[in-house]
Amino acid sequence: MTAEDRSALEQLIFSKEFIRSGDPGRKTQDIVFDLRTLKAVFESMKKFNIDYLDFPIMSGKESIVFKAYSRKKPIVVKIFKMSTLRFSNLYLYVQGDRRFENEKKDRSRIVYLWTRKEFINLRTARECHIAVPNPIGFHQNIILMQYLGTAASPSPELRKSSIDMEDAYSQVRESMHLLYTKAKLVHADLSEYNMLTYRNKVYMIDFGQSVSIEHPSAQIFLERDARNVCNFFNRKGIKCDVNDLLSFVTGESA
């Protein structure tokens, strides 16, 4: 393939326009489009018929989330940052999860495994009728999913939402219960930052770290989730007791 035959994006990839290794003044958390990621973006755009990336919805140390369009419909493209994801953090949530015990977990593959893990967790939750974004597909360190929001803006995080908090707490309790008893998963990073509200419904997001309830640390993660949830809703004037919530989530109070 000659340069003339390549798309503009391909030409940028092969010209290494976005490689920042020669810029010592740039902070590593700003690095998103290294060469591997650019290639993955290009391949994903062809594989999933992505028209274009619109604008970033969220950017953090570990990932950047774009609103994009596929066949003229809005979707979300989440890109995990190859350069800043910490191996030790990922390994904690992968090691001990029997679903992935036969997977190679070296540094060069664990980010790709993490991406697939989030896709599988989202799909499992969705199949159990839990309010999560519908997963569309994944490729290397990129995952595509349903866009929640309007044409003007994405849905707000729960902490910024005007939703009735008593109703929101009821929804969160039920979602945590279904996640544990039906999907057999623990979110493991649940908080007001990892829940969105869309059309008066609370959606859980960010499932990369979510583990099977058989994971050795599942109970620790579940208790942490419950504390985070109760701390938030108590601040909002909604009575939430950690032990009561845990009993409801695990079905012990039934």
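The values are calculated or read from the model by the stated rules, or taken from the named source; none is laboratory data. Everything numeric here is computed off the predicted structure, so don't read it as measured data. A quick note on method: Cβ atoms are made from the backbone with ideal geometry, for glycine too, and the neighbour counts reach across all protein chains shown.
Things to note:
- Residue, surrounded by the fewest Cβ atoms within 10 Å (Cβ to Cβ), within region 150-159, restricted to residues that are within 13 Å of Ile75 (Cα to Cα) and in contact (Cβ under 8 Å) with a residue 60 or more places away in the chain: Ala151
- Boolean, Val41 is buried (at least 18 other Cβ atoms within 10 Å of the Cβ), farther than 17 Å from Leu148 by Cα and at pLDDT 90 or above: yes
- Complete set of residues in region 91-104 that are closer than 21 Å to Lys61 by Cβ and either assigned to a loop (DSSP other than H, G, I, E, B) or without any contact (Cβ under 8 Å) to a residue 40 or more places away in the chain (or both): Tyr91, Val94
- Those helices (runs of 4 or more DSSP H) of region 160-254 in which 3 or more residues are touching a residue at least 60 places away in the same chain (Cβ under 8 Å) and closer than 19 Å to Thr124 by Cα occupy 165-181.
- The lone exception for Tyr180 - which of (1) over 25 Å from Lys117 (Cα atoms); (2) buried (at least 20 other Cβ atoms within 10 Å of the Cβ) it fails: (1)
- Selection of region 123-152 for residues being in a loop (DSSP other than H, G, I, E, B) and at negative phi yields Cys128, Ile130, Ala131, Val132, Pro133, Asn134, Asn141, Tyr147, Leu148, Thr150, Ala151, Ala152.
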